[in-house]
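The next block holds one structure in the form of structure tokens; read it before the comments.
The values are calculated or read from the model by the stated rules, or taken from the named source; none is laboratory data. This structure is a prediction, so every number in the text was calculated from the model and none was measured. Because the Cβ atoms are built from the backbone with ideal geometry, glycine has one as well, and the counts that use them run over all protein chains shown.
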Amino acid sequence: MKKQRNTAQKRIIMDALACADHPTATELYEAVHANNPRISKATVFRVLSQYSENGEIRRLHITGSDDRFDATMAPHAHLRCAYCGRIKDVMFPELEPILSAAEVEGYKVYSAEVDFICCCPSCDQAGADGSEYKN
Ligand SMILES: [Zn+2]
Ligand SMILES: [Zn+2]
């Protein structure tokens, strides 16, 4: 019974991750908890650690911010806002030739870490002009 409940909770957490946009563990917990008050913060953190260690999701290490989690495993790049930390996926087919070339050389590519450091539209509207950009 306990195992079944754990499986159900894991599925809820993974579904929420798939719908969320690169949340931190705390943001994901808040989203999950709103609809499932019985799922604890410890459970969300534990499931995220387990799945990222198993390579089923990606943990994104971000300087000066909490780690974020990504359910998209296909190689892709990120647009990352330097001001609010928002991350948006860019799936780019231009990666394919690079990946195939690597495979020809005998490398097995598991993921790609490509970050474009940006100013997102809402921070741009709020007046960020790049002068306070550091990182
Ligand atoms: Zn922003
Ligand atoms: Zn992503």
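Taking the listed residues I39, I62, the one that is crowded, with 16+ Cβ neighbours inside 10 Å, among the β-branched types (V, I, T) and within 16 Å of ligand 2 (Cβ to nearest atom) is I62, with no other qualifying. Going through (1) within 16 Å of ligand 1 (Cβ to nearest atom); (2) under 18 Å from the mean Cα position of the chain (by Cα); (3) among the hydrophobic types (A, V, I, L, M, F, W, C) one by one, C123 falls short only on (2). Just one of the listed residues (E56, E30) is away from ligand 2 (no atom under 16 Å from the Cβ), over 15 Å from V114 (Cα atoms) and among the acidic types (D, E), and it is E30. Can you confirm whether D129 is more than 30 Å from N6 (Cα to Cα), within 16 Å of ligand 1 (Cβ to nearest atom) and surrounded by 14 or more Cβ atoms within 10 Å (Cβ to Cβ)? So D129 fails the test. Being surrounded by fewer than 16 Cβ atoms within 10 Å (Cβ to Cβ) and not hydrophobic (A, V, I, L, M, F, W, C) is the filter; apply it to region 11-26 and report the residue that is farthest from T72 (Cα to Cα). Looking at the filtered set, the residue picked out is T26.
The set of residues in region 87-117 that are modelled with pLDDT of 85 or more and in contact with an Asp or Glu (Cβ under 9 Å, 6 or more places away or on another chain) comprises I87, K88, D89. Return the residues of region 100-135 that are under 20 Å from A71 (Cα atoms) and in contact (Cβ under 8 Å) with a residue 12 or more places away in the chain; say none if nothing qualifies. Answer for region 100-135, where residues must be under 20 Å from A71 (Cα atoms) and in contact (Cβ under 8 Å) with a residue 12 or more places away in the chain: V109, Y110, S111, A112, V114, D115, F116.
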